[in-house]
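The values are calculated or read from the model by the stated rules, or taken from the named source; none is laboratory data. None of the values given here were measured: they were computed from a predicted structure. Positions of Cβ are backbone-derived with ideal geometry, glycine not excepted, and every protein chain shown enters the neighbour counts. Areas reflect the complete protein model, heavy atoms only, side chains present, ligands, DNA and RNA absent. Shrake-Rupley method; radii C 1.70, N 1.55, O 1.52, S 1.80 Å.
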There are 2 protein chains.
Amino acid sequence: MSQGKRALNFNAGPAALPLEVLEQAREEFVDFGGTGMSVMEMSHRSKTYEAIHNETAALVRELLGVPEGYDVLFLQGGASLQFAMVPMNFLPKGKAAGYVLTGSWSEKALKEAQRLGETFVAASTKDGHYRRIPGAEEISFGRDSAYLHVTSNNTIFGTQWTRFPDTGSVPLVADMSSDILSRKIDVRQFALIYAGAQKNLGPSGVTLVVVRQDMVERAPEDLPTMLQYRIHAKNNSLYNTPPTFGIYMMGLVLKWVKGQGGVEAVERRNREKAGLIYKVIDDNPDFYLGHAEPTSRSLMNVTFRLPTPELEKEFLDGAKAEGFVGLNGHRSVGGCRASLYNAVPVEHCAALRDYMVEFRKKHA
Amino acid sequence: MSQGKRALNFNAGPAALPLEVLEQAREEFVDFGGTGMSVMEMSHRSKTYEAIHNETAALVRELLGVPEGYDVLFLQGGASLQFAMVPMNFLPKGKAAGYVLTGSWSEKALKEAQRLGETFVAASTKDGHYRRIPGAEEISFGRDSAYLHVTSNNTIFGTQWTRFPDTGSVPLVADMSSDILSRKIDVRQFALIYAGAQKNLGPSGVTLVVVRQDMVERAPEDLPTMLQYRIHAKNNSLYNTPPTFGIYMMGLVLKWVKGQGGVEAVERRNREKAGLIYKVIDDNPDFYLGHAEPTSRSLMNVTFRLPTPELEKEFLDGAKAEGFVGLNGHRSVGGCRASLYNAVPVEHCAALRDYMVEFRKKHA
Ligand SMILES: Cc1ncc(COP(=O)(O)O)c(C=O)c1O
Ligand SMILES: Cc1ncc(COP(=O)(O)O)c(C=O)c1O
Ligand SMILES: [Mg+2]
Ligand SMILES: [Mg+2]
Ligand SMILES: [Mg+2]
Ligand SMILES: [Mg+2]
């Protein structure tokens with residue numbers, strides 16, 4: 001396959017994967033390492049698969065900087081199942097969990113927790129159409145809160161936390177679905193991090209969870225087996241059959257991140273990529289209407305509108321004709337969105353920048 | 001890749017997939033249908049992916065003979081999560097659910113239901129080491145039971161139901177993880193069928209559920225969103241991001257089944273395959289000690305022991321040296337097991353037969 005035919009893929013998730021990763025997976029798709037089997041055909045109890053599984057977990061630890069005292073889990077059900085598992089495991093009767101609302105996904109996480117226990121809104125920027133992340137001084141919660149939940153990157157509205165609140169002894173839980181491994185974070189700040197794989201980590205069908213062991217141990221034991229972090233932690237995510245091929249793909253993606261120079265190098269590139277698009281927005285403030293306030297801008301999802309629905313349609317149709325994919329805004333908000341996850345090459349971002357500049361000129 | 005290098009794969013799951021399917025998936029792995037993207041990189045809301053998704057569901061309907069009034073769902077979490085979802089959705093307070101115990105997986109299903117509501121053992125063949133399936137007259141349940149749960153094929157013990165009990169108005173629920181699509185069944189007998197994909201349907205990470213709509217409608221609405229069949233049924237299994245690549249692979253496997261002549265043809269081949277191995281057992285009853293009683297024998301998992309642990313080790317080591325994979329019995333019971341799922345070629349079964357005959361001769 002020639003590189004020229006590759007789509008300019010700005011999908012919000014499932015999203016672009018590194019071409020090198022896809023090519024390697026294709027190479028060994030039918031016969032992995034001379035075993036005469038696809039990775040898909042291997043027992044999850046086999047030595048070959050367990051090596052893949054453990055290597056993937058070790059790479060998560062290394063690249064994300066997961067310290068001792070935390071478990072790395074590969075689960076199923078997507079981030080949406082975590083919306084329920086978090087309160088099932090960590091919201092006991094008599095306590096309340098705080099949710100910071102910064103977009104649609106935070107709202108969904110809160111809604112799910114409301115079915116399961118006491119909750120409160122610790123902060124919300126909904127009134128301002130989720131254009132920004134609240135400041136530390138706007139966030140309120142009690143010292144006895146069960147946990148505080150944040151969405152590190154808001155995929156739909158295009159905002160991202162830069163500094164996470166210091167919650168003291170209150171466990172901080174973060175949905176990092178759309179910016180995991182895109183920048184350096186300090187895992188020690190968090191009691192639990194979860195992320196659907198399908199943006200920065202691999203194909204859909206795997207959910208990465210990084211969780212502090214004392215949290216796991218505190219959780220109730222009478223939950224359904226599959227919904228207890230404890231069970232998956234005890235069994236190295238092999239209590240039942242895991243999504244083996246997805247975990248293998250995640251391993252390849254992580255090796256690619258390492259080969260790129262690790263998270264710092266990837267972050268630098270992500271800043272460069274986002275910079276290209278935000279510059280066009282800043283240079284044309286009356287034409288490309290950025291949704292996020294500049295200090296809350298996401299490096300992963302750049303959201304913007306054009307002055308009229310007609311122009312938006314022309315912009316999106318023209319982009320499609322030129323091989324761009326996934327530039328429509330989320331179906332719930334409309335407009336335009338460019339998702340610039342780790343695997344999106346700088347060159348594709350430059351191509352989008354050029355298209356935006358040209359389109360602007362045509363309508364000057 | 002040459003066919004000669006293919007492993008003789010008798011894994012219990014994840015298990016062998018058809019070589020043609022793997023080769024086609026490899027062919028279009030990096031660029032699906034000229035889109036410039038892998039299936040893994042496509043939005044689950046895109047037209048291309050939705051066509052794959054809907055085609056896979058339509059093939060399930062066609063090949064399994066799913067009538068109107070039933071939903072076909074693609075879920076995550078494996079059969080193990082269904083152990084909990086079934087009682088969460090269908091075991092209301094004041095009712096009791098009956099479980100027929102025919103092996104380890106039935107026991108696990110029961111254990112999970114016990115956490116969630118009232119249960120009873122409708123029949124059990126545990127005393128006889130799960131060598132057989134109980135007869136209809138041995139199964140007892142009330143007319144007001146919430147449902148009756150059976151495991152259609154017992155992967156670990158190697159037994160399989162031939163005729164399912166007539167439960168009248170009591171909903172019959174079946175775990176068909178290890179024999180789905182291996183033989184003709186009448187879906188109308190069942191209120192709900194579930195199966196992890198990783199034996200007969202595709203890679204791990206997708207769970208197929210076929211469920212009668214009136215059951216779905218009756219279930220409580222205050223369950224966690226992701227654990228309600230209702231939500232997935234309403235949203236065509238696209239409530240959140242499904243395991244897209246696994247569903248695509250399942251579609252390819254289903255097309256392969258269709259190309260083989262459909263379920264009837266596959267069943268005929270499965271009978272032939274199992275017949276080859278059971279014949280060696282029957283011809284050498286003092287050497288190959290079949291676990292299942294002949295009338296309860298599974299066409300999918302042939303389980304047997306040798307006269308001594310030393311012989312078993314020699315048998316398994318020798319098999320491994322000759323390229324056989326997955327012949328060890330389940331870690332909980334030991335012995336030997338050959339899993340002969342749909343994708344295992346007749347020739348591989350013949351090779352195993354030959355190896356067994358030779359091994360017997362050497363130790364005559
Ligand atoms: C921030 C965030 N949280 C949660 C989700 C839901 O993820 P899933 O589809 O894996 O359940 C998404 C999906 O885009 C997301 O972006
Ligand atoms: C009959 C049966 N039920 C349930 C399971 C558990 O399936 P999963 O690993 O998908 O949870 C298995 C796994 O082998 C099985 O054979
Ligand atoms: Mg959002
Ligand atoms: Mg989104
Ligand atoms: Mg069993
Ligand atoms: Mg098994």
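Quick check on the range B:52-69. Is at least one of its residues of a type outside the set (Phe, Trp, Tyr), under 17 Å from residue B:194 (Cβ atoms) and within 16 Å of ligand 2 (Cβ to nearest atom)?
The answer is no, given that none of the residues of the range B:52-69 is of a type outside the set (Phe, Trp, Tyr), under 17 Å from residue B:194 (Cβ atoms) and within 16 Å of ligand 2 (Cβ to nearest atom).
Return yes or no: is residue B:22 within 7 Å of another protein chain (Cβ to nearest Cβ) and without any contact (Cβ under 8 Å) to a residue 40 or more places away in the chain?
Against the criterion (within 7 Å of another protein chain (Cβ to nearest Cβ) and without any contact (Cβ under 8 Å) to a residue 40 or more places away in the chain), residue B:22 qualifies.
Can you name the number of the only condition in (1) facing chain B (nearest Cβ under 10 Å); (2) open to solvent by less than 20 Å² (accessible area, probe 1.4 Å); (3) under 28 Å from residue B:337 (Cβ atoms) that residue A:74 fails?
Here residue A:74 clears every test but (1).
Applying the selection to the range B:284-318, what residues are touching a residue at least 60 places away in the same chain (Cβ under 8 Å) and among the charged types (D, E, K, R)?
B:293, B:297, listed by residue number.
Considering each residue of the range A:32-47, count those that are over 29 Å from residue A:345 (Cβ atoms) and surrounded by 15 or more Cβ atoms within 10 Å (Cβ to Cβ), and give that number.
In the first step, residues of the range A:32-47 are kept if they are over 29 Å from residue A:345 (Cβ atoms); the result is A:34-37, A:41-47.
Next, from what is left, pick out any that are surrounded by 15 or more Cβ atoms within 10 Å (Cβ to Cβ): A:35-37, A:41-46.
Residues flagged as over 29 Å from residue A:345 (Cβ atoms) and surrounded by 15 or more Cβ atoms within 10 Å (Cβ to Cβ) within the range A:32-47 amount to 9.
Scan (1) farther than 22 Å from residue A:13 by Cβ; (2) without any contact (Cβ under 8 Å) to a residue 60 or more places away in the chain; (3) within 11 Å of chain A (Cβ to nearest Cβ) for the single condition residue B:268 breaks and write down its number.
(3)
Please go through the range A:1-19 and give me each residue that is more than 8 Å from chain B (Cβ to nearest Cβ) and either on the phi > 0 side of the Ramachandran plot or assigned to a helix (DSSP H, G or I) (or both), ordered by number.
A:3, A:4
With the condition kept exactly as written, say whether any residue in the range B:153-169 is surrounded by fewer than 24 Cβ atoms within 10 Å (Cβ to Cβ), touching a helix residue (DSSP H, G or I) at 6+ places or on another chain (Cβ under 8 Å), more than 14 Å from chain A (Cβ to nearest Cβ) and not in a loop (DSSP other than H, G, I, E, B).
Taking every residue of the range B:153-169 in turn, none turns out to be surrounded by fewer than 24 Cβ atoms within 10 Å (Cβ to Cβ), touching a helix residue (DSSP H, G or I) at 6+ places or on another chain (Cβ under 8 Å), more than 14 Å from chain A (Cβ to nearest Cβ) and not in a loop (DSSP other than H, G, I, E, B).
Within the range A:85-100, can one find any residue that is touching a His at 6+ places or on another chain (Cβ under 6 Å) and either away from every other protein chain (no Cβ under 11 Å) or closer than 20 Å to residue B:225 by Cβ (or both)? Talk me through it step by step, then tell me what you get.
To start, the set of residues in the range A:85-100 that are touching a His at 6+ places or on another chain (Cβ under 6 Å) comprises A:99.
Narrowing the set further to residues that are either away from every other protein chain (no Cβ under 11 Å) or closer than 20 Å to residue B:225 by Cβ (or both) leaves A:99.
Within the range A:85-100, one or more residues are touching a His at 6+ places or on another chain (Cβ under 6 Å) and either away from every other protein chain (no Cβ under 11 Å) or closer than 20 Å to residue B:225 by Cβ (or both).
Of everything in the range A:170-202, what is open to solvent by 10 Å² or more (accessible area, probe 1.4 Å) and of a type in the set (Gly, Ala, Ser)? Give them in sequence order.
Hit for the range A:170-202 is A:177, nothing else.
Give the range A:203-222 a look and list any residue that's open to solvent by 20 Å² or more (accessible area, probe 1.4 Å) and touching a residue at least 12 places away in the same chain (Cβ under 8 Å), or say none.
A:212, A:213, A:214, A:217, A:218, A:220
Filter the range A:270-289 down to the residues that are surrounded by fewer than 19 Cβ atoms within 10 Å (Cβ to Cβ) and either of a type in the set (D, E, K, R) or outside the structural domain of residue A:301 (by TED's automatic domain parsing) (or both) and list them by number.
Matches in the range A:270-289: A:271, A:272, A:279, A:282, A:283, A:286.
Consider residue B:113 against the criteria (1) under 29 Å from residue B:267 (Cβ atoms); (2) in contact with a Pro (Cβ under 6 Å, 6 or more places away or on another chain): it satisfies all of them except one. Which criterion is unmet?
Status for residue B:113: all satisfied but (1).
Can you name the number of the only condition in (1) closer than 17 Å to residue B:88 by Cα; (2) among the hydroxyl-bearing types (Ser, Thr, Tyr); (3) over 22 Å from the mean Cα position of the chain (by Cα) that residue B:147 fails?
Of (1) closer than 17 Å to residue B:88 by Cα; (2) among the hydroxyl-bearing types (Ser, Thr, Tyr); (3) over 22 Å from the mean Cα position of the chain (by Cα), only one is false for residue B:147: (3).
Return the pairs, sorted by first residue and then second, in which the second residue is open to solvent by 20 Å² or more (accessible area, probe 1.4 Å) and not hydrophobic (A, V, I, L, M, F, W, C), the first residue lies in the range B:39-66 and is within 17 Å of residue B:260 (Cα to Cα), the beta carbons are less than 7 Å apart, and the residues are 6+ apart or on different chains.
Matching pairs, first to second residue: B:59/B:255; B:59/B:258; B:63/B:258.
Scanning the range A:25-56 for residues that are aliphatic (A, V, I, L, M) and under 19 Å from residue A:74 (Cβ atoms), which turns out nearest to the other protein chains (Cβ to nearest Cβ)?
Applying the first criterion (aliphatic (A, V, I, L, M)) to the range A:25-56 yields A:25, A:30, A:37, A:39-40, A:42, A:51-52.
Next, only the ones that are under 19 Å from residue A:74 (Cβ atoms) stay: A:25, A:39-40, A:42, A:51-52.
Values: A:25: 7, A:39: 9, A:40: 4, A:42: 6, A:51: 15, A:52: 12 Å.
Going through the qualifying residues, I end up with A:40.
Mind listing just one residue for me: the one in the range A:327-364 that is polar (S, T, N, Q) and under 14 Å from residue A:274 (Cβ atoms) and, of those, surrounded by the fewest Cβ atoms within 10 Å (Cβ to Cβ)?
Step one: filter the range A:327-364 for residues polar (S, T, N, Q), giving A:328, A:332, A:339, A:342.
Pick out the ones that are also under 14 Å from residue A:274 (Cβ atoms) and you get A:339, A:342.
Values: A:339: 24, A:342: 27.
So, considering only residues that are polar (S, T, N, Q) and under 14 Å from residue A:274 (Cβ atoms), the one surrounded by the fewest Cβ atoms within 10 Å (Cβ to Cβ) is A:339.
Does the range B:297-307 contain any residue that is surrounded by fewer than 17 Cβ atoms within 10 Å (Cβ to Cβ), within 16 Å of ligand 2 (Cβ to nearest atom) and of a type outside the set (S, T, N, Q)?
First, pick out the residues of the range B:297-307 that are surrounded by fewer than 17 Cβ atoms within 10 Å (Cβ to Cβ): B:307.
After this cut, where a residue has to be within 16 Å of ligand 2 (Cβ to nearest atom) as well, the list is none.
No, the range B:297-307 has no match at all.
Is there a residue in the range A:131-148 that is assigned to a strand (DSSP E or B) and either open to solvent by 20 Å² or more (accessible area, probe 1.4 Å) or within 16 Å of ligand 1 (Cβ to nearest atom) (or both)? Steps first, answer last, please.
Step one: filter the range A:131-148 for residues assigned to a strand (DSSP E or B), giving A:148.
Filter once more, keeping what is either open to solvent by 20 Å² or more (accessible area, probe 1.4 Å) or within 16 Å of ligand 1 (Cβ to nearest atom) (or both): none.
Looking for residues that are assigned to a strand (DSSP E or B) and either open to solvent by 20 Å² or more (accessible area, probe 1.4 Å) or within 16 Å of ligand 1 (Cβ to nearest atom) (or both), one finds none in the range A:131-148, hence no.
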